[in-house]
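Asks: Handing you a structure now.
The values are calculated or read from the model by the stated rules, or taken from the named source; none is laboratory data. Every value quoted in this text rests on a predicted model; they were computed, and no experiment measured them. Cβ: placed from backbone, ideal geometry, glycine included. Neighbour counts: every protein chain shown. Calculation scope for accessible area: heavy atoms of the full protein, side chains included, ligands and nucleic acids excluded. Shrake-Rupley method; radii C 1.70, N 1.55, O 1.52, S 1.80 Å.
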Amino acid sequence: MSDAASPGAELFLFETTHHALWAEDVAREREFPAEVVPAPAAAKAKCSLALRTLPHLRSDLAEALDGEGITFRLYP
């Protein structure tokens, strides 16, 4: 999953830890490279976790998370 760690990766932020881990499960089910990472302090996220993925997967992953009812926002 090192590609998602590359500069310019997309970060999805969540209200709860449950949503962050659920989002990771959704990404894995759809075979999107993604990993749970600490949310940046500057994000002022309610949950201390974020989901990092590749920039070109932003729309597809956002659509998948919406479809599952997972509330998120993108950083920045």
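Asks: Determine the pairs where a residue that is of a type in the set (Asp, Glu), located within the stretch 29-46, has a partner that is in a loop (DSSP other than H, G, I, E, B) and open to solvent by less than 100 Å² (accessible area, probe 1.4 Å) with Cβ atoms under 7 Å apart, the partner being 6 or more residues away or on another chain.
Replies: Taking only residues 6 or more apart or on different chains, the pairs are Glu35/Met1.
Residues are listed down the side, and each one gets a yes or a no for (1) among the hydrophobic types (A, V, I, L, M, F, W, C); (2) modelled with pLDDT under 90; (3) more than 10 Å from the chain's Cα centre (by Cα):
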{"residue": "Ser6", "(1), (2), (3)": "no, yes, yes"}
{"residue": "Leu21", "(1), (2), (3)": "yes, no, no"}
{"residue": "Pro38", "(1), (2), (3)": "no, no, yes"}
{"residue": "Ala43", "(1), (2), (3)": "yes, yes, yes"}
{"residue": "Ser48", "(1), (2), (3)": "no, no, yes"}
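Asks: Quickly run through the stretch 41-76 and pick out the residues that are under 17 Å from Thr16 (Cα atoms), open to solvent by 40 Å² or more (accessible area, probe 1.4 Å) and assigned to a loop (DSSP other than H, G, I, E, B).
Replies: Lys44, Lys46, Ser48, Gly69, Thr71
Asks: Being out of contact with any Asp or Glu (no Cβ under 9 Å at 6 or more places or on another chain) and either in a loop (DSSP other than H, G, I, E, B) or open to solvent by less than 40 Å² (accessible area, probe 1.4 Å) (or both) is the filter here; which residues of the stretch 20-40 pass it?
Replies: Residues satisfying the conditions are Ala20, Glu31, Val37, Ala39, Pro40.
Asks: Then there's this: Of everything in the stretch 38-64, what is in contact with a helix residue (DSSP H, G or I) (Cβ under 8 Å, 6 or more places away or on another chain) and under 10 Å from Phe12 (Cα atoms)? Give them in sequence order. Break it down into steps so the answer makes sense when it comes.
Replies: Step one: of the stretch 38-64, the residues in contact with a helix residue (DSSP H, G or I) (Cβ under 8 Å, 6 or more places away or on another chain) are 47-54, 61, 64.
Within the stretch 38-64, Leu49, Ala50, Leu51, Arg52, Thr53, Leu61 meet the criteria.
Asks: Quick check, is Phe12 free of Cβ contacts under 8 Å to residues at least 60 places away in the same chain and open to solvent by less than 80 Å² (accessible area, probe 1.4 Å)?
Replies: Values: free of Cβ contacts under 8 Å to residues at least 60 places away in the same chain: no; open to solvent by less than 80 Å² (accessible area, probe 1.4 Å): yes.
It is false that Phe12 is free of Cβ contacts under 8 Å to residues at least 60 places away in the same chain and open to solvent by less than 80 Å² (accessible area, probe 1.4 Å).
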